[in-house]
Amino acid sequence: MRAAVVVFPGSNCDRDALRAAELAGFDVRFVWHKESAVDGFDLIVLPGGFSFGDYLRTGAIARWSPIMSDVVRQAERGVMVLGICNGFQILTEAGLLPGVLLRNKGLLFLSEDVALRVENASTAFTSAYKRGQTIRLPIAHGDGNYYVDAEGLKRLEGEGRVVFRYADEPPNGALNGIAGIINERGNVLGMMPHPERHCEDILGSHDGKGVFESLMKDGVPK
């Protein structure tokens with residue numbers, strides 16, 4: 001199983017994502033945002049950070065990087081795509097996931113561990129967990145307040161596409177406590193918390209490794 005970690009100017013969780021994927025057994029390499037193709041991979045990771053300094057809107061410039069045309073094409077083919085934090089923001093800007101990430105409630109940057117509830121454990125990203133399981137992962141963002149219109153929210157909730165939810169009151173004000181969602185096909189996941197930062201006990205927890213272990217087991221394109 002091969003994984004690509006896309007690196008944008010301002011990415012700062014790219015090496016963490018590479019390490020987490022390697023620990024799960026992936027053969028991983030970095031792909032620079034100016035490359036035009038990302039062929040031959042089973043998983044594409046858009047990591048966290050501050051791509052292009054978060055100018056205009058978070059993810060708004062990165063969405064137009066040359067590599068993103070092929071990321072969209074690969075996602076439409078069924079390749080697994082994981083967007084973490086800034087990567088989630090880029091996925092919404094690219095139209096691969098619905099909704100938008102707004103400024104946090106209180107307008108403060110948040111950096112803390114949060115409790116998450118696994119709402120859907122039947123995805124290729126979460127099969128290593130149990131439905132309803134509570135895990136702890138770090139957040140580190142200023143724009144993590146997820147919002148989608150009423151019709152979009154109805155579809156996400158009704159179709160079981162809310163994958164992770166804040167177990168307590170969402171620290172960023174996210175609608176319905178949404179922390180992570182999946183696309184209709186089930187091969188694109190965006191989440192604000194950082195599973196790659198909690199993949200080894202030396203980091204304080206291994207609660208996040210289940211995301212990458214799930215993908216290693218079930219992430220073959222359908």
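Val45: part of a strand (DSSP E or B) and under 24 Å from Asn145 (Cα atoms), yes or no?
yes
Do we have any residue at all in segment 74-83 that's in contact with a Leu (Cβ under 6 Å, 6 or more places away or on another chain) and β-branched (Val, Ile, Thr)?
Scanning segment 74-83, I find no residue that is in contact with a Leu (Cβ under 6 Å, 6 or more places away or on another chain) and β-branched (Val, Ile, Thr), so the answer is no.
Do you know which of the residues in segment 82-126 that are polar (S, T, N, Q) and either under 19 Å from Gly152 (Cα atoms) or at pLDDT below 95 (or both) is surrounded by the fewest Cβ atoms within 10 Å (Cβ to Cβ)?
Once the filter is applied, the top-ranked residue is Asn120.
May I ask you to verify whether Arg136 is touching a residue at least 40 places away in the same chain (Cβ under 8 Å), of a type outside the set (Gly, Ala, Ser) and touching a His at 6+ places or on another chain (Cβ under 9 Å)?
For Arg136, the condition - touching a residue at least 40 places away in the same chain (Cβ under 8 Å), of a type outside the set (Gly, Ala, Ser) and touching a His at 6+ places or on another chain (Cβ under 9 Å) - is met.
Within segment 83-91, identify whether any single residue is part of a strand (DSSP E or B) and not hydrophobic (A, V, I, L, M, F, W, C), and answer yes or no.
yes
Which one is nearest to the chain's Cα centre (by Cα) among residues in segment 128-156 that are among the small types (Gly, Ala, Ser) and surrounded by fewer than 18 Cβ atoms within 10 Å (Cβ to Cβ)?
Here the residue is Gly142.
Between Val148, Val100, Val118, which is touching a Gly at 6+ places or on another chain (Cβ under 7 Å), more than 22 Å from Phe212 (Cβ to Cβ), of a type in the set (A, V, I, L, M) and without any contact (Cβ under 8 Å) to a residue 60 or more places away in the chain?
When all the criteria are applied, what remains is Val148.
Taking only segment 123-166 into account, find how many residues are farther than 15 Å from Met192 by Cβ and assigned to a loop (DSSP other than H, G, I, E, B).
Residues in segment 123-166 being farther than 15 Å from Met192 by Cβ and assigned to a loop (DSSP other than H, G, I, E, B): 14 in total.
Suppose we filter segment 38-57 for residues that are at pLDDT 95 or above and on the phi < 0 side of the Ramachandran plot; how many remain?
Selection size over segment 38-57: 11.
Could you tell me which residue of segment 15-27 is farthest from Leu46 (Cα to Cα), considering only residues that are crowded, with 21+ Cβ neighbours inside 10 Å and either among the β-branched types (Val, Ile, Thr) or touching a strand residue (DSSP E or B) at 6+ places or on another chain (Cβ under 6 Å) (or both)?
If we take residues in segment 15-27 being crowded, with 21+ Cβ neighbours inside 10 Å and either among the β-branched types (Val, Ile, Thr) or touching a strand residue (DSSP E or B) at 6+ places or on another chain (Cβ under 6 Å) (or both), then Phe26 is farthest from Leu46 (Cα to Cα).
Within segment 172-207, work out how many residues are buried (at least 20 other Cβ atoms within 10 Å of the Cβ), under 12 Å from the mean Cα position of the chain (by Cα), assigned to a loop (DSSP other than H, G, I, E, B) and not aliphatic (A, V, I, L, M).
Of the residues in that region, 3 qualify.
The values are calculated or read from the model by the stated rules, or taken from the named source; none is laboratory data. In this text, all values refer to a predicted model and were calculated from it rather than measured experimentally. Neighbour counts are summed over all protein chains in view; Cβ atoms, including those assigned to glycine, are modelled from backbone coordinates with ideal geometry.
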